[in-house]
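Scroll down for the structure; my scribbles are underneath it.
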Amino acid sequence: MKLKDFPEDLQPHLLPRPRGRMVYRCLDCGAEFGIDHLFYTCPKCQGLFLLVDLDEEQLKEHSGAFWRRLFDYRRMLHDPAVQGAFCFHELIAPVIPAEDIVYLGECHTPQVQANSRLQEEVGMTVYFKNDGQNPSASFKDRGMAAALSYLNYLIRTQNLTGVLAICASTGDTSAAAALYAAYLGDKVTSAVILPYGKVTPQQLSQPLGAGARVLEIPGVFDDCMRVVEALSEHYHVALLNSKNSWRIRGQESYAYEIAQWFDYDLAHKVIVVPIGNAGNITAVLEGLLRFHDLQIIAELPKVIGVQSQHANPVFTYYLESNPARRVFTPVVVQPSVAQAAMIGRPVSMPRVIRLAAEYTRRAGEGSFAVVEVTEQEIMDAMLLANRNGHIACTQGGESLAGLQMALKTGLVKKNEVAVVDATAHHLKFIGFQQMYFDNTFPSEFEIIPKPEYQNHPQLLIPESPPGESPWSEAEQRIFTQDMVRQVAAVLGLKPK
Ligand SMILES: *Cc1c(COP(=O)(O)O)cnc(C)c1O
Ligand SMILES: [Zn+2]
């Protein structure tokens with residue numbers, strides 16, 4: 001739709017108009033720093049940042065109804081600056097002008113309702129939100145769109161040259177970072193640091209294809225993270241891990257889209273997300289709280305975080321019911337099929353602690369919880385989902401298994417409506433499916449494949465092997481008849 005055809009009162013607001021005064025605010029000491037530098041941790045106390053718009057109160061000059069209308073109408077405007085996360089420009093990064101916004105087709109991913117067979121099996125209404133349908137096939141593109149738009153803005157306004165973007169990754173962050181950096185051409189080069197042997201071949205192929213420098217180091221993600229943290233302290237690099245608070249801003253779009261899908265009625269809804277480095281759960285909690293602040297939503301949904309038993313520091317932290325007695329202790333991770341979430345020292349934990357307390361204060365006891373699932377449950381849930389028409393990855397399976405666990409323990413009720421985060425595309429983690437089918441999981445996974453979920457291709461051998469090609473017409477006919485007969489026999493087809 002053309003701008004002039006939109007309701008007149010909305011026309012002046014549809015396109016981004018840079019506004020606001022954004023600062024990094026330290027979660028520990030409260031110090032604020034301008035955004036003319038890319039900061040990750042507080043120079044005063046090493047605390048973690050969240051971005052704040054000092055003028056956010058001004059957004060309250062408009063009603064919740066105004067914002068709902070604006071965001072909905074924006075979806076009909078074909079301008080890259082209001083697609084994707086930046087449909088919610090005022091809440092993502094209001095200081096960034098349209099010209100710097102990078103849009104590669106991320107966000108507004110499909111929210112697909114499970115068929116009746118799967119909903120019956122689970123015992124409630126369930127949607128999958130398919131974040132694997134983002135450009136690099138995971139939700140990481142949401143945060144990367146915001147982080148790279150900001151970097152693009154910084155490069156233009158400060159005439160920066162030779163910017164090197166760097167990240168540690170369990171696979172998907174590096175795929176997203178390399179893709180968005182590649183789009184910015186000569187302005188940014190990217191380097192990614194991966195735990196050797198701990199990302200899937202598909203994930204490894206992504207930054208290689210996008211032209212990033214790919215460096216592998218022995219160890220797990222937590223080891224890589226320590227390296228990039230030290231690098232960003234001592235060298236001129238732009239850190240693209242979720243320590244970078246711009247990524248959190250972009251990932252808030254996930255919560256906004258769920259609200260938008262339900263026409264902003266989040267009463268009796270449940271949002272289920274897997275937790276690794278805890279950036280995603282941070283963004284979901286913060287996004288919902290901010291939508292609630294602006295009265296865009298009247299009710300806060302339940303938020304359930306899910307961890308594997310093999311990487312469960314956040315679950316363990318919340319096991320202690322008395323907040324005053326909780327102590328965060330990193331864990332040493334064990335191999336997990338939810339490899340993208342196989343993290344023992346989640347960088348965003350201080351953010352989660354802060355936001356979850358505020359969320360519970362506002363939405364009530366039980367509105368935020370973390371559950372734990374086994375590797376077996378993750379694989380079984382992924383296959384159950386995909387056998388009903390979804391494209392869930394292992395982390396998507398983890399979300400569904402977590403919902404099943406939350407139902408079993410009474411955290412979630414049957415009459416609620418759940419949205420399960422399928423954080424990446426199934427195809428990125430296909431090796432784990434193959435191990436399940438072949439029953440070749442190393443013993444530490446403790447996975448025993450269920451025969452009803454296993455599947456193998458079946459090769460049909462011609463009875464009389466055809467001669468050298470090109471075949472004569474007669475040979476071709478014999479071959480086809482032979483195969484038809486064999487296929488019909490295998491499938492038990494009835495003759496007409
Ligand atoms: C990064 C990632 C996660 C974990 O998200 P965090 O923000 O690190 O908690 C889960 N699933 C997939 C597919 C991911 O790429
Ligand atoms: Zn500080």
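The values are calculated or read from the model by the stated rules, or taken from the named source; none is laboratory data. Keep in mind that this is a model prediction, so the values were computed, not measured. Neighbour counts run over all protein chains shown; Cβ positions are idealised from the backbone, glycine included.
Tabulated data
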quantity: Answer from Arg345, Arg387 - the residue that is assigned by TED's automatic domain parsing to the domain that holds Val270, within 16 Å of ligand 1 (Cβ to nearest atom) and under 25 Å from Gln203 (Cβ atoms); calculated: Arg345
quantity: Matching residues, the stretch 387-426, being assigned to a helix (DSSP H, G or I), touching a residue at least 40 places away in the same chain (Cβ under 8 Å) and under 30 Å from Pro323 (Cβ atoms); calculated: Gln395, Glu398, Ser399, Leu400, Ala401, Gly402, Leu403, Gln404, Met405, Ala406, Leu407
quantity: Answer residue from the stretch 319-355, given it is part of a loop (DSSP other than H, G, I, E, B) and among the charged types (D, E, K, R) and is surrounded by the fewest Cβ atoms within 10 Å (Cβ to Cβ) among those; calculated: Glu320
quantity: Any helices (runs of 4 or more DSSP H) falling wholly within the stretch 1-102 and containing at least 3 residues that are within 16 Å of ligand 1 (Cβ to nearest atom) and of a type in the set (A, V, I, L, M, F, W, C); calculated: none
quantity: Yes/no for Arg247 being of a type in the set (D, E, K, R) and either in contact (Cβ under 8 Å) with a residue 40 or more places away in the chain or in contact with a Ser or Thr (Cβ under 9 Å, 6 or more places away or on another chain) (or both); calculated: yes
quantity: Pair list, Cβ < 6 Å and 6+ apart or interchain, from the stretch 105-121 residues that are closer than 13 Å to Val417 by Cα and hydrophobic (A, V, I, L, M, F, W, C) to residues that are surrounded by 16 or more Cβ atoms within 10 Å (Cβ to Cβ) and modelled with pLDDT of 95 or more; calculated: Val112/Phe128; Ala114/Val126
quantity: Thr109 vs. criteria closer than 30 Å to Ser205 by Cα, at pLDDT below 95 and crowded, with 20+ Cβ neighbours inside 10 Å; calculated: no
quantity: Any hit, the stretch 430-442, residues being more than 16 Å from ligand 2 (Cβ to nearest atom), buried (at least 16 other Cβ atoms within 10 Å of the Cβ) and of a type in the set (D, E, K, R); calculated: no
quantity: Residue ID - farthest from Ala81 (Cα to Cα), chosen from residues in the stretch 3-31 that are surrounded by 13 or more Cβ atoms within 10 Å (Cβ to Cβ) and within 16 Å of ligand 2 (Cβ to nearest atom); calculated: Asp28
quantity: The stretch 356-386: number of residues that are in contact with an Asp or Glu (Cβ under 9 Å, 6 or more places away or on another chain) and either in a loop (DSSP other than H, G, I, E, B) or within 16 Å of ligand 2 (Cβ to nearest atom) (or both); calculated: 1
quantity: Checklist (1) under 29 Å from Ala93 (Cβ atoms); (2) surrounded by 16 or more Cβ atoms within 10 Å (Cβ to Cβ); (3) of a type in the set (Asp, Glu) applied to Asp263, failing item; calculated: (2)
